[in-house]
Amino acid sequence: MFKTSEQIHQYYLEKTKQLSNDSYKILKTDIDNEVYNSPNIANNIKGDVFLLEYNINLVRHSNIKKNLINGDIRYLPYKNNTFDLIIDLSTIDHVPETIQVINEYNRVLKKNGTILIFVWCGNTKNEKEWNPSNQYYINLDEFINCANTYFTTLELNAVYAGEPRWPVPKNHYLYEFIGVKK
Ligand SMILES: C[S@@+](CC[C@H](N)C(=O)[O-])C[C@H]1O[C@@H](n2cnc3c(N)ncnc32)[C@H](O)[C@@H]1O
């Protein structure tokens, strides 16, 4: 289990590097990592990377010139079967419509394509609960059921439990999900 946000960001880079490939068309949701956090994922992985970000100010103030769209993971502005790899580093847990987002990821992912999702999940009874960091916690079983509608699970690990400066409820973790489209 990683102890700091620096470690988890480094892990993001390792995993995305492992899964990327020169011949791939890749969707990475949100540009927070590219604008604020080191390391920059999009610049350091192989393949043709397409970036999508909901926050128009972040889009305007970023200096990303190529393949960046101001958009919403709930309504992806891409054609069916476009991508070989989708990378969602804790974007899906910023909206309550988990099923809608998973449907969209399935739609734009090619058959046998790979999906990497880092998501805050827990055993909370409510489907999702707000926390002070403007983040949802998704019920783990519900997330897995939803993801397994379209994706076979290759990996599921709890990787991070937050830090004292950013308290996370007991039994809630950042999970890493890797799946392949059925
Ligand atoms: C806290 S950041 C995740 C940061 C980063 N990927 C990481 O793990 O460190 C959430 C990002 O998702 C973006 N976001 C929120 N809702 C979104 C949506 N519906 N579609 C696309 N991006 C969204 C936010 O603007 C923000 O850039």
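Observations, loosely collected:
- Take the conditions (1) surrounded by fewer than 15 Cβ atoms within 10 Å (Cβ to Cβ); (2) over 24 Å from residue 14 (Cα atoms); (3) within 14 Å of the ligand (Cβ to nearest atom); residue 38 misses just one of them, which is (2).
- Reported count of residues in segment 137-182, each being away from the ligand (no atom under 15 Å from the Cβ) and aromatic (Phe, Trp, Tyr), is 3.
- The listed residue being in contact (Cβ under 8 Å) with a residue 60 or more places away in the chain, of a type outside the set (D, E, K, R) and loosely packed, with under 15 Cβ neighbours inside 10 Å, out of 157, 134, 112: 112
- Strands (runs of 3 or more DSSP E) wholly inside segment 12-101 containing at least 2 residues that are of a type in the set (D, E, K, R): 25-29, 48-53, 83-89
- Condition check for residue 26: closer than 21 Å to residue 179 by Cα, touching a helix residue (DSSP H, G or I) at 6+ places or on another chain (Cβ under 6 Å) and either loosely packed, with under 14 Cβ neighbours inside 10 Å or in contact (Cβ under 8 Å) with a residue 40 or more places away in the chain (or both): no
- Figure legend. Inter-residue proximity from segment 10-22: first residues among the β-branched types (Val, Ile, Thr), second residues surrounded by 13 or more Cβ atoms within 10 Å (Cβ to Cβ) and not in a helix (DSSP H, G or I), beta-carbon distance below 6 Å, spacing 6+ or different chains. Indicated pairs: 16/41; 16/45; 16/87.
- Segment 79-93, residues that are buried (at least 17 other Cβ atoms within 10 Å of the Cβ) and on the phi < 0 side of the Ramachandran plot: 83, 84, 85, 86, 87, 88, 89, 91, 92, 93
- One residue stands out among those in segment 1-35 that are over 30 Å from residue 171 (Cβ atoms) and among the small types (Gly, Ala, Ser): the one that is nearest to the ligand (Cβ to nearest atom), which is 20.
- All conditions but one from (1) within 15 Å of residue 108 (Cβ to Cβ); (2) within 14 Å of the ligand (Cβ to nearest atom); (3) within 16 Å of the chain's Cα centre (by Cα) apply to residue 84; the one that does not is (2).
- Residue in segment 121-136 that is within 16 Å of the ligand (Cβ to nearest atom) and β-branched (Val, Ile, Thr) present: no
- Test: residue in segment 42-50 that is buried (at least 16 other Cβ atoms within 10 Å of the Cβ) and near the ligand (Cβ under 8 Å from one of its atoms): no
We did not get these values from a lab; they are worked out from the coordinates using the rules stated. All figures in this text were calculated on a predicted structure; none of them were measured in a lab. Heads up, the Cβs are rebuilt from the backbone with ideal geometry, glycines too, and the neighbour counts pull from every protein chain shown.
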